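Every number in this text was worked out from the coordinates using simple rules, so none of it is lab data. Treat the numbers as computed from the prediction; the structure is a model and nothing was measured. Cβ placement follows ideal geometry from the backbone for every residue including glycine, while neighbour counts extend to all protein chains displayed.
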Amino acid sequence: MEKKNKIDQLLNQLGAWLQGTGQDSDIVVSSRVRFARNLKGLPFYHWADESKKKEVYEIVKEALFDIPELKNGIWVDISELPDLDKYFLLERHLVSRELVEKGPYKACVIGDQEIISIMINEEDHIRLQVLESGLSLLSALDIARRIDAQLARRLNYAFSYEWGYLTACPTNTGTGLRASVMLHLPLLVFTKQIANVVNTIAKLSFTTRGFYGEGTEASGNFFQISNQVTLGRSEEEIVENLLKVIDQVISYERQAREKVYTQDRFTLDDQIYRSYGMLKYARIMNSKEAIELLSNLRLGKELGIIDTDVRNINELLLLIQPAHLQKIEGKKLTMKERDIKRAELIRKRLGQEV
């Protein structure tokens, strides 16, 4: 594991979770599994003084350097990063908002394909995340378990035989597992069925969030669905129950796509080609508009209306974010400058630089 900060190298690669591969990848963008863990005998981060935060940092850091899967990973001291780099990592889904908030002795390790990331001194002492492309919750769970088992041999976790893993937030107590799936659901939005789907999911103790998880709204027809309850349920039960919900949502989206494509194809074609034209020729574009238009372009690819590369679309969804644009330019940009650079980047990536 490389000890120095090499965040800039991430600009030149596409994380494995954005490859556009895996089961049901025409609808499912990615699957994520996250374990929350704490060290026995040490206070949670927000209750700890600086000496205890440092102790957690040093103990976990030493344990992480022995994990084979992280041998080629990047070590990042979050507390020492400029804000731009923090938000760059946040946009890549490698860290949480909680981690990038101010505070000492915060860090993360990022695996070489961005599949694995481990946060230190977030809300909990350890947040172990595995992120993969397509509907791959079971694969992600296997990887997370393997890493967790290796850490458990090196660390003394805070664990109760009555309550399970002890966590800063009571909703994570038990397995400490949060599983989530990112879906692209444009036709459920188009047919105005999405509100009913979200409400039904909530009644089943699952939550729906936006592209960047907790605290964000859906944009570009991307929705993240995750479990809310961990206590009293095994890891297998949590994942299996989530998979049942996801399978149903995928079925609803496929039915909506088939119905609209059969009954109102010209409206759908028009929406997709208009989006394509704006993306190829616009000179100024804000991030919200860009995400919505790229969502339509992705739908065109998924329905076979437009022949384009879904990996290119996925990568653009990442590169057009504010921190990424500024990292690409190597300097801070005003909002207007970002809107201009965003449109320029999209034109270039879609092969129409005019």
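Report the semi-axes of the equivalent ellipsoid for the range 200-298 in whole Å, largest first, where each axis is √(5λ) for an eigenvalue λ of the Cα gyration tensor.
Here the semi-axes work out to 33, 19, 8 Å.
What do you get for Rg/Rh of the range 80-196 when both radii come from the Cα atoms and Rh is the Kirkwood radius? That ratio equals 1.02.
Using the Kyte-Doolittle scale, which helices in the chain average at least -1.0 and also have C-alpha atoms spread 27 Å or more along the helix axis, with helices defined as whole DSSP H runs?
TM-like helix candidates: 235-263.
Working from Cα pairs under 8 Å separated by at least six residues, relative contact order for the chain is 19 percent. Size descriptor for the chain, Kirkwood hydrodynamic radius: 21.2 Å (Cα pairs only, one decimal).
Got a sec? How would Tyr45, Tyr252 order by Cβ neighbour count within 10 Å, fewest to most?
Tyr252, Tyr45
Kirkwood radius for the range 95-141, taken over all pairs of different Cα atoms as the inverse mean of 1/r, rounds to 11.5 Å. Taking the centroid of alpha carbons for each part, the range 228-254 and the range 65-114 are 28 Å apart. Averaging 1/r across all pairs of distinct Cα atoms in the range 54-129 and inverting the result yields a Kirkwood radius of 12.2 Å. Measuring how big the range 156-264 is from its alpha-carbon positions, Rg and Dmax come out at 16.3, 60 Å.
Quote the Stokes-Einstein diffusion coefficient, in whole µm² s⁻¹, for the range 252-354, based on the Kirkwood radius over alpha carbon pairs, a temperature of 25 °C and a viscosity of 0.890 mPa s. Approximately 171 µm²/s, per Stokes-Einstein. In this rough spin-label picture, where each label sits 7 Å from Cα along the Cβ direction, the Asp142-Lys336 distance is 5.4 nm.
Fewest to most neighbouring Cβ within 10 Å: what's the order for Leu297, Leu90?
Neighbour counts put them in this order, fewest first: Leu90, Leu297.
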